[in-house]
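The values are calculated or read from the model by the stated rules, or taken from the named source; none is laboratory data. Everything numeric here is computed off the predicted structure, so don't read it as measured data. Glycine also receives a Cβ, built like all others from the backbone with ideal geometry; neighbour counts cover every protein chain displayed. These area figures cover heavy atoms from the full protein model, side chains too; ligands, DNA and RNA do not enter into them. Shrake-Rupley method; radii C 1.70, N 1.55, O 1.52, S 1.80 Å.
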Amino acid sequence: MPPVFPMLTVLSMFYYMCLRRRARTATRGEMNSRRAIESNTRALPINVEIVQYAKEVLDFSSHYGSENSMSYTMWNLAGIPNVYPSSGDFTQTAVFRTYGTWWDRCPSARLPFTRTPSTFCSQDYVELAFEEPVYPTAVHILETYHPGAVVRILACSANPYSQNPPAEVRWEILWSEAPTKVNGPQARQFTPCIKQINFPTNLIRLEVNSSLLDYYTELDAVVLHGVKERPVLSLKTSMIDMNDIDEDEDEEKFACGMDTLNKQFSIVTLREWPTNGYFDKLPYELIQLILSHLTVPDLCRLAQTCKLLYQHCCDPLQYIHLSLQPYWARINDTSLEHLQSRCTLIQWLNLSWTGNRGAISVSGFSRFLKVCGSELVRLELSCGHFLNETCLEVITEMCPNLQELNLSSCDKIPPQAFNHIAKVGSLKRLILYRTKVEQTALLSILNFCSELQHLSLGSCVMIEDYDLIASMMGAKCKKLRSLDLWRCKNITESGIAELASGCQLLEELDLGWCPTLQSSTGCFTNLARKLPNLQKLFLTANRSVCDTDIEELAANCTHLRQLDILGTRMVSPASLRKLLESCKDLSLLDVSFCSQIDNRVVLELNANFPNVFIKKSFTQ
């Protein structure tokens, strides 16, 4: 009879792995309602659970609302619920700027970065601070309309209310999942099974992906459950799901990859092998093509295997397009320093969401661009709160070939700093959504950047006279194809006339929530007649839009694909039928809160025009 000791050893090791797993993550059944941790045979010391709502919204990437209001803004996530358990469209909730895939199907859509890991699908985020740091036991998200957008929940080791910031900021994923389609728009309390972490936190981050939603998701409140002392789990655990072990290995793999990026990038002492096997027989270009499908962490790991692959993984041609956004929590000055020698030929760089809370310094960013900026064509810096005037000055000096610059939600950049952008005359795309750009700087940019094709000025609240801005666009930006003026408060029919006369190549125009535009002045009729190439037109919340405007669009803008007339009281079903019959490419029509368009009309239009997504929102 063969000895059983080796088998016992293997089983012991497996049991140890299970216990180690259990120590880090709770079972799926335990997380939903924990008030104390209990053993089947003896009670461990009771740790009283603390339940708290978010005290403050610290940061976010976008929101539907205005910077000077509370309606539909992220700030509504602070405090107790305003709406839940009611369902419907309510202004007291937090709403992100986009939903669905419509924004990927319009002229302003940007090409995606390759090498984005399949596990990263986040499009927006919001960070919430709570009063008391706790070891999280549950996170409840109160969703009141079109739930299902949350794809990741993270916890931070930094206490936003501490007077002494930590030397190192850690982020841990509490829960993560691919986007899922939720049947129905009704309210729900979302309570995913979260992982245990080894530090207390009072800073929670939600990341969302709204691509599968039929309309804007609305969040009402976030509840954090936790205990002050780190929980100790009983040895008598329930059955362990093998899928949990796989998920944990994926997380460790991610962490290991980024540690490699920071600590082992410059390893040159590699094991010597007499040959490189079949790799010696492959053309250099073919190996490069194979490696081009690897993510950045995988390249880091592969570089440690042998000198041949190290050479390939360090080749600057592997880093022509580089997105570090999926690894935002781990990118710092050291990461950029290690990447410098590999990014000398880089053309597309995505540093969106990175560098906050001191991770990237102004000097570290500047050193990187001085080495790697000469060939840059596209630079994504959305939500880069480390950026200041020095950074913009370095960008304009070190990136002479820059054509696309995204500064969306970089709200820490001082107003005067935007003057430097005017030095980049080659710009074709400029995104200034939710920035503090002022009128003087913007006029200078428009004057010197005449190649602009895509411009976003949504929620830029410090511009005093949008008519003057529109006039300058009409005079200087003849190649403009898309323009976002979302929530600009003072543009009038005069500015629209200048814009329509000078920028006749416009294919996309967002005039949502622009209250000073009135249909009675003929401004929308003028747009329809002067801009026949329009594919997307948002007139959101303009109650003056009428049948005449819709009929002019039907007659002149036959290429129209997306139209938002939410909130109008003066559009009839008859004019919408004319529009749908004329605009054969129309795929999105938002008639939410249009008083003459009831559900019966929407059902009829859907039946007759099945290729068009006709949205009718509601409030209960």
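Per-residue Karplus couplings for the range 369-377, computed as 6.51 cos²θ - 1.76 cosθ + 1.60 with θ equal to phi - 60°, are listed in order as 5, 5, 8, 10, x, 5, 9, 4, 10 Hz, Gly and Pro entered as x. Between LEU345 and GLU464, the simple spin-label model (points 7 angstrom out along Cα→Cβ) gives 5.0 nm. How far is helix 599-608 tilted off the main Cα axis of the chain, in degrees rounded to 10, range 0 to 90? Roughly 90 degrees, rounded to the nearest 10.
Give me the tail of P(r) for the range 416-549 as a percent: Cα-Cα pairs with distance above 17 Å. Value for the range 416-549 (Cα pairs over 17 Å): 54 percent. What is the range 57-197 by shape, rounded, prolate or oblate, if you read a ≥ b ≥ c off the alpha carbon gyration tensor as root eigenvalues and call it rounded for a/c under 1.5, prolate for a/b larger than b/c, and oblate otherwise? Since a/c stays below 1.5, the shape of the range 57-197 is classed as rounded. Between 0 and 90 degrees, the angle of helix 439-448 with respect to the longest Cα principal axis of the chain falls at about 80 degrees.
Computed extension gain for GLU389 through SER520, at 0.36 nm per residue and net of the alpha carbon distance, reaches 42.8 nm. When peptides 202-215, 183-196, 142-155 are sorted by average Cβ neighbour count within 10 Å, with the highest value leading, the order is 142-155, 202-215, 183-196. Over all other residues within a Cβ to Cβ distance under 9 Å of VAL461, the charged ones net out to +3, with Lys and Arg as +1 and Asp and Glu as -1. Dividing the convex hull volume of the alpha-carbon atoms in the chain by its residue count gives 197 Å³ per residue. The candidates PHE593, PHE613, PHE96, PHE120, arranged from most to least accessible area with a 1.4 Å probe in the full protein assembly, appear as PHE593, PHE613, PHE120, PHE96. Taking the three principal axes of the alpha carbon atoms in the range 482-619, the coordinate ranges are 40, 30, 22 Å, sorted in descending order.
With R₀ fixed at 35 Å, the C-beta to C-beta distance from SER86 to LYS489 puts the FRET efficiency at about 0.70.
Distance between the modelled labels on LYS228 and ASN68, one decimal in nanometres: 4.5 nm (7 Å Cα→Cβ projection). Local charge for SER520 was computed over the other residues whose Cβ lies under 11 Å away, with Lys and Arg +1 and Asp and Glu -1, and equals -2. Rounded to the nearest 20 debye, the dipole size of the range 319-463 about its Cα centre is 220 debye, using +1 on the Cβ of Lys and Arg and -1 on the Cβ of Asp and Glu. From the largest down, the range 441-495 spans 26, 22, 17 angstrom on the principal axes of its Cα atoms. Calculated over the range 368-492, the projected area of the Cα convex hull averaged across directions stands at 6.6 nm². Over all other residues within a Cβ to Cβ distance under 9 Å of ALA359, the charged ones net out to +1, with Lys and Arg as +1 and Asp and Glu as -1.
If R0 is 45 Å, what FRET efficiency do you get for ASP411 and LEU302 from their C-beta distance, rounded to 0.05? Calculated value: 0.70. Calculated accessible area for the chain comes out at 43 Å² per residue, all protein chains present (probe 1.4 Å; ligands, DNA, RNA ignored). Between ASP214 and VAL169, residue separation times 0.36 nm minus the direct Cα-Cα distance comes to 12.5 nm.
Measuring nothing but protein heavy atoms, the accessible surface of the chain at 1.4 Å probe radius is 54 percent carbon and sulfur.
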